[in-house]
1. Please identify the pairs in which a residue from region 82-107 that is assigned by TED's automatic domain parsing to the domain that holds LEU66 and without any contact (Cβ under 8 Å) to a residue 24 or more places away in the chain has its Cβ atom under 6 Å from the Cβ atom of a residue that is surrounded by 10 or more Cβ atoms within 10 Å (Cβ to Cβ) and in a helix (DSSP H, G or I), counting only partners at least 6 apart or on another chain.
2. Tell me, please, whether a residue that is polar (S, T, N, Q), part of a helix (DSSP H, G or I) and assigned by TED's automatic domain parsing to the domain that holds ALA10 can be found in region 52-72.
3. Just to be sure, is LYS64 free of Cβ contacts under 8 Å to residues at least 60 places away in the same chain, under 30 Å from SER128 (Cβ atoms) and among the charged types (D, E, K, R)?
4. Is region 54-69 home to any residue that is surrounded by 10 or more Cβ atoms within 10 Å (Cβ to Cβ), charged (D, E, K, R), closer than 16 Å to THR16 by Cβ and at pLDDT 95 or above?
5. Restricting attention to region 1-51, which residues are over 19 Å from VAL69 (Cα atoms), among the aliphatic types (A, V, I, L, M) and assigned to a loop (DSSP other than H, G, I, E, B)?
6. When you check LYS107 against the structure, is it on the phi < 0 side of the Ramachandran plot, of a type outside the set (Phe, Trp, Tyr) and in contact with a Leu (Cβ under 6 Å, 6 or more places away or on another chain), yes or no?
7. Among the numbered conditions (1) closer than 23 Å to ILE84 by Cα; (2) free of Cβ contacts under 8 Å to residues at least 12 places away in the same chain; (3) loosely packed, with under 15 Cβ neighbours inside 10 Å; (4) charged (D, E, K, R), tell me where ARG31 comes up short.
8. Being surrounded by 14 or more Cβ atoms within 10 Å (Cβ to Cβ) and among the polar types (S, T, N, Q) is the filter here; which residues of region 1-28 pass it?
Amino acid sequence: MKISELARVAQVPVKTIRYYEQVRLLTPATRASNGYRQYQQSDIETLIFIRRCRELNIAISEIKQLVDVQQDPKASCHTVDKIIDDQLARIQQTQKELALLEQSLAKLASCCENDQIEDCRILHQLKSP
């Protein structure tokens with residue numbers, strides 16, 4: 001199949017497929033005599049896997065590790081477990097930071113009852129040391 005077909009089936013832009021090949025996340029396709037890239041069913045599966053990992057906000061370098069460990073089905077899942085555990089920890093930390101940001105913004109949003117910029121308590125608080 002051609003790159004446009006792969007993109008449609010895997011729901012990934014063509015430009016993204018080319019990038020994944022460039023960074024060696026996806027094995028570069030073989031070329032037909034007309035120069036078009038030719039992809040196999042395994043490329044669809046790999047690309048869907050990569051897309052789902054990206055949806056989980058997993059870094060490209062870690063996705064590469066996840067793709068690589070699949071080459072040995074008898075290997076330990078330790079690498080997979082660690083990547084997922086680390087990603088979960090990052091997401092939990094981000095949630096905490098966002099909760100603090102939300103509290104700060106809510107406090108600012110409720111502190112000003114004035115109608116003029118010169119009396120705006122939001123602006124005064126943002127300027128204060």
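The values are calculated or read from the model by the stated rules, or taken from the named source; none is laboratory data. Fair warning: this is a prediction, and the values are worked out from it, not measured in the lab. Counting neighbours? That spans all protein chains shown, and the Cβs are built from the backbone with ideal geometry, glycine included.
1. Pairs found: none.
2. Within region 52-72, the subset polar (S, T, N, Q) is 57, 61, 65, 70-71.
Of the ones still in play, those that are also part of a helix (DSSP H, G or I) are 61, 65.
When the remaining residues are screened for being assigned by TED's automatic domain parsing to the domain that holds ALA10, the result is 61, 65.
Within region 52-72, one or more residues are polar (S, T, N, Q), part of a helix (DSSP H, G or I) and assigned by TED's automatic domain parsing to the domain that holds ALA10.
3. On the way: free of Cβ contacts under 8 Å to residues at least 60 places away in the same chain: yes; under 30 Å from SER128 (Cβ atoms): no; among the charged types (D, E, K, R): yes.
No: the conditions fail for LYS64.
4. The first filter runs over region 54-69 and keeps only residues surrounded by 10 or more Cβ atoms within 10 Å (Cβ to Cβ), leaving 54, 56-69.
If we keep only those that are charged (D, E, K, R) as well, we get 54, 62, 64, 68.
Filter again for closer than 16 Å to THR16 by Cβ, leaving 54, 64.
Subsequent filtering for residues that are at pLDDT 95 or above retains 54, 64.
The answer is yes, given that some residue of region 54-69 is surrounded by 10 or more Cβ atoms within 10 Å (Cβ to Cβ), charged (D, E, K, R), closer than 16 Å to THR16 by Cβ and at pLDDT 95 or above.
5. First pass over region 1-51, keeping only residues over 19 Å from VAL69 (Cα atoms): 1-19, 22, 29-41.
From what's left, among the aliphatic types (A, V, I, L, M): 1, 3, 6-7, 9-10, 12, 14, 17, 29, 32.
Listed by number, the residues that qualify are MET1, VAL12, ALA29, ALA32.
6. Details: on the phi < 0 side of the Ramachandran plot: yes; of a type outside the set (Phe, Trp, Tyr): yes; in contact with a Leu (Cβ under 6 Å, 6 or more places away or on another chain): no.
It is false that LYS107 is on the phi < 0 side of the Ramachandran plot, of a type outside the set (Phe, Trp, Tyr) and in contact with a Leu (Cβ under 6 Å, 6 or more places away or on another chain).
7. It is condition (1) that ARG31 fails.
8. THR16, THR27
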